[in-house]
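A.B. asks: Below is the structure I would like to discuss, written out as structure tokens.
The values are calculated or read from the model by the stated rules, or taken from the named source; none is laboratory data. Just so it is clear, the structure is predicted and the values come from calculations on it, not from any experiment. Cβ sites come from the backbone with ideal geometry, for glycine too, and all protein chains shown count toward neighbours. Side chains included, ligands, DNA and RNA excluded: accessible areas come from the protein's heavy atoms. Shrake-Rupley method; radii C 1.70, N 1.55, O 1.52, S 1.80 Å.
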Amino acid sequence: MERREEYEKLLEAWNETPLPPALDSCVGRARKRAHRRRLGRDWGAVLASLGGAAAAFALAVNLSLPFALACGRIPILKEMAAAVALSSSLKAAVENDYVQPVGQSQTVNGLTMTVDYLILDKKQVNIFYHFTGDFSSLSGSPELRDPAGERLSCSYSGGGLAEASGEIHQVSVSFGDGGELSQTPPALRFLYRIEHLENGTEQGPEPDVPVEEYDPWEKPATPEALFTFSFDLELNEEYRSQGLSYDLNEWVELDGQRILLKTVEIYPTNLRVELEGDPANTAWLKSLDFYIEDETGRRNDPITNGITASGTTNSPAMGAFYQESSFFWNSRHLNLYITGGQWLDKDQRFVTVDLDTGTTKDPLPEGILLGGAVRRGTNTAVVLYGRTLEGDSDTDLHAYQLAGWTCWGPDGSEWSFDSMQSSAGGIDQIGGATFQTPEGYFEETCLMTGYPHSTLTLEMLQSRRFTLDRPVTAALK
């Protein structure tokens, strides 16, 4: 049965058919594909989760009858439910018919790509698309440009692997995250490079690669595009202007540090709290635990996949923190509640590692361990362990970045890691050395070639968490 037909069947029977028992194992398999990831150099925002969204459609059907009805009303392709169900913001947008239809298609070499719909506002564009053709799998990467072909200053995620004809995929594009563009432009050019394409219906299992054949310092070559799709998208002005802003300009104390709450911005696709730390603080704020609540006790959700914070240009502190939106609530009153977060202590920002012994004399931040280091000529690897978050597992890992890309030699020279990899743990072999991830931690491996020194100074990105005895509150309306 085709996937589109499967989704239609599920929508028709959702209210009377229990979830299939095999769904849990399906979710596990999808998430295990993301067991190890390579951190992208162009992605400067904090990513919330490595978990897959395989169960998204089932969750939407079970949790929300209006959402299921909206899927038939818009008329959105039923598969779109799978792409948006794990985001309460986008789910609410669909329920409220807040979708811009596109319907542009192109066919190259027998493969058709269709841009179906957009969900956008003043700060974000979500592009939904699918492929049709005779293929068993394909992979590619998106790229965003302006109508003249110049690169857009934005952050975006998505693309990757497609394994079924007609399967809906999503690319999320964010503006105002420290880039030159402060808000969504009136138009953009959406390029999609097809880098790998397999035809046929059956593929044999991928061969196991022996550990000794794996070279962690091998720089992955940028795959050449087999061909590229290009779509010029006009963004609806009414959608593009949507957003609410509440000015607070209120100083509060969090865990002994002074923080200026500047604004809360609520858009259809996300909610942002913008703030600033007192220069006299002894720590920089790196993450924030908060929620919005209305007069009925309804609370918004944290972001499970996507951008959760963006930085500032003049310090290591984060200047804006994101959560799912309350835009469609139509509430009379809204209040902000801050319950905790994470600091980077200013005296724990830098840690120097002896690459020959794999040790450091500097105190490591709370919840971070130094697993060791490997030095093979001018090839260098530093292994760090970060404490997993509550509720994490090897198939649902919320891996936050431990060290920054930039590092320094003993002579003050500035270097940059070639790649960073994170994994859920277990046994790992790097350059002939074996590393065992401790229980309750995940592994982050920082790799660099051409480094001539025996010591290396890292920049740590966080040092300790805090939980407030009583939430700090601020009234929005």
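A.B. asks: Tell me which strands (runs of 3 or more DSSP E) are completely within the stretch 409-477 and hold 3 or more residues being modelled with pLDDT under 90, or say none if there are none.
C.D. replies: Once the strands (runs of 3 or more DSSP E) in the stretch 409-477 are filtered for at least 3 residues that are modelled with pLDDT under 90, what remains is 419-423, 427-430.
Residues checked against (1) touching a Gly at 6+ places or on another chain (Cβ under 8 Å); (2) at negative phi; (3) of a type in the set (Asp, Glu):
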{"position": "Asp215", "(1), (2), (3)": "no, yes, yes"}
{"position": "Arg240", "(1), (2), (3)": "no, yes, no"}
{"position": "Ser245", "(1), (2), (3)": "no, yes, no"}
{"position": "Lys262", "(1), (2), (3)": "no, yes, no"}
{"position": "Val273", "(1), (2), (3)": "no, yes, no"}
{"position": "Lys286", "(1), (2), (3)": "yes, yes, no"}
{"position": "Thr313", "(1), (2), (3)": "yes, yes, no"}
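One line per residue, one yes/no per condition, for (1) open to solvent by less than 20 Å² (accessible area, probe 1.4 Å); (2) of a type in the set (Phe, Trp, Tyr); (3) out of contact with any helix residue (DSSP H, G or I) (no Cβ under 7 Å at 6 or more places or on another chain):
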residue	(1), (2), (3)
Ser325	yes, no, no
His333	no, no, yes
Leu369	no, no, yes
Arg376	no, no, yes
Val382	yes, no, yes
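A.B. asks: Something else: Residue under question is Gln342, and the condition is that it be touching a Pro at 6+ places or on another chain (Cβ under 9 Å) and modelled with pLDDT under 95; does it hold?
C.D. replies: no
A.B. asks: Does the stretch 231-243 contain at least one residue that is farther than 30 Å from Phe131 by Cβ and either part of a loop (DSSP other than H, G, I, E, B) or not β-branched (Val, Ile, Thr) (or both)?
C.D. replies: Yes, some residue in the stretch 231-243 is farther than 30 Å from Phe131 by Cβ and either part of a loop (DSSP other than H, G, I, E, B) or not β-branched (Val, Ile, Thr) (or both).
A.B. asks: Looking only at the stretch 407-424, count how many residues are surrounded by 12 or more Cβ atoms within 10 Å (Cβ to Cβ) and either out of contact with any Leu (no Cβ under 9 Å at 6 or more places or on another chain) or hydrophobic (A, V, I, L, M, F, W, C) (or both).
C.D. replies: Going through the stretch 407-424 one residue at a time, the tally reaches 6.
A.B. asks: Suppose we filter the stretch 178-189 for residues that are open to solvent by less than 30 Å² (accessible area, probe 1.4 Å) and touching a residue at least 60 places away in the same chain (Cβ under 8 Å); how many remain?
C.D. replies: Adding up the residues that qualify gives 2.
A.B. asks: Here's a follow-up. Could you count how many residues in the stretch 134-145 are open to solvent by 30 Å² or more (accessible area, probe 1.4 Å) and either in contact with a strand residue (DSSP E or B) (Cβ under 6 Å, 6 or more places away or on another chain) or free of Cβ contacts under 8 Å to residues at least 60 places away in the same chain (or both)?
C.D. replies: 3
A.B. asks: Right, here's the next one. State whether one or more residues within the stretch 280-292 are aromatic (Phe, Trp, Tyr), open to solvent by less than 40 Å² (accessible area, probe 1.4 Å), at pLDDT 95 or above and over 28 Å from Glu459 (Cα atoms).
C.D. replies: Within the stretch 280-292 (the criterion being aromatic (Phe, Trp, Tyr), open to solvent by less than 40 Å² (accessible area, probe 1.4 Å), at pLDDT 95 or above and over 28 Å from Glu459 (Cα atoms)), the answer is yes, since at least one residue qualifies.
A.B. asks: From the list Glu218, Glu212, Glu206, exactly one residue is under 30 Å from Thr434 (Cβ atoms), at pLDDT below 95 and outside any loop (DSSP other than H, G, I, E, B). Which is it?
C.D. replies: Just a single option satisfies the conditions, and that option is Glu212.
A.B. asks: Just the residues that are in contact with a Ser or Thr (Cβ under 9 Å, 6 or more places away or on another chain) and either free of Cβ contacts under 8 Å to residues at least 40 places away in the same chain or surrounded by fewer than 18 Cβ atoms within 10 Å (Cβ to Cβ) (or both), please, taken from the stretch 146-163.
C.D. replies: Listed by number, the residues that qualify are Cys154, Tyr156, Gly158, Gly159, Gly160, Leu161, Ala162, Glu163.
A.B. asks: Residue by residue through the stretch 335-363, note down the ones that are without any contact (Cβ under 8 Å) to a residue 40 or more places away in the chain, open to solvent by 50 Å² or more (accessible area, probe 1.4 Å) and not polar (S, T, N, Q).
C.D. replies: Lys361, Asp362, Pro363 - these are the residues of the stretch 335-363 that are without any contact (Cβ under 8 Å) to a residue 40 or more places away in the chain, open to solvent by 50 Å² or more (accessible area, probe 1.4 Å) and not polar (S, T, N, Q).
A.B. asks: Can you confirm whether the stretch 253-264 contains a residue that is in contact (Cβ under 8 Å) with a residue 40 or more places away in the chain, surrounded by 16 or more Cβ atoms within 10 Å (Cβ to Cβ) and under 23 Å from Asn126 (Cα atoms)?
C.D. replies: Yes.
A.B. asks: Also: If I ask for residues that are open to solvent by 30 Å² or more (accessible area, probe 1.4 Å) and either hydroxyl-bearing (Ser, Thr, Tyr) or in contact with a helix residue (DSSP H, G or I) (Cβ under 6 Å, 6 or more places away or on another chain) (or both), which ones from the stretch 85-111 would you list?
C.D. replies: Listed by number, the residues that qualify are Leu86, Ser88, Lys91, Glu95, Ser105, Thr107.
A.B. asks: Of everything in the stretch 296-338, what is of a type in the set (Phe, Trp, Tyr) and under 17 Å from Asp121 (Cβ atoms)? Give them in sequence order.
C.D. replies: Of everything in the stretch 296-338, those that are of a type in the set (Phe, Trp, Tyr) and under 17 Å from Asp121 (Cβ atoms) turn out to be Tyr322, Phe327, Phe328, Trp329.
A.B. asks: Working carefully through the options Ile292, Ile259, find the one that is in a strand (DSSP E or B) and farther than 15 Å from Ser89 by Cβ.
C.D. replies: After applying the criteria, what remains is Ile259.
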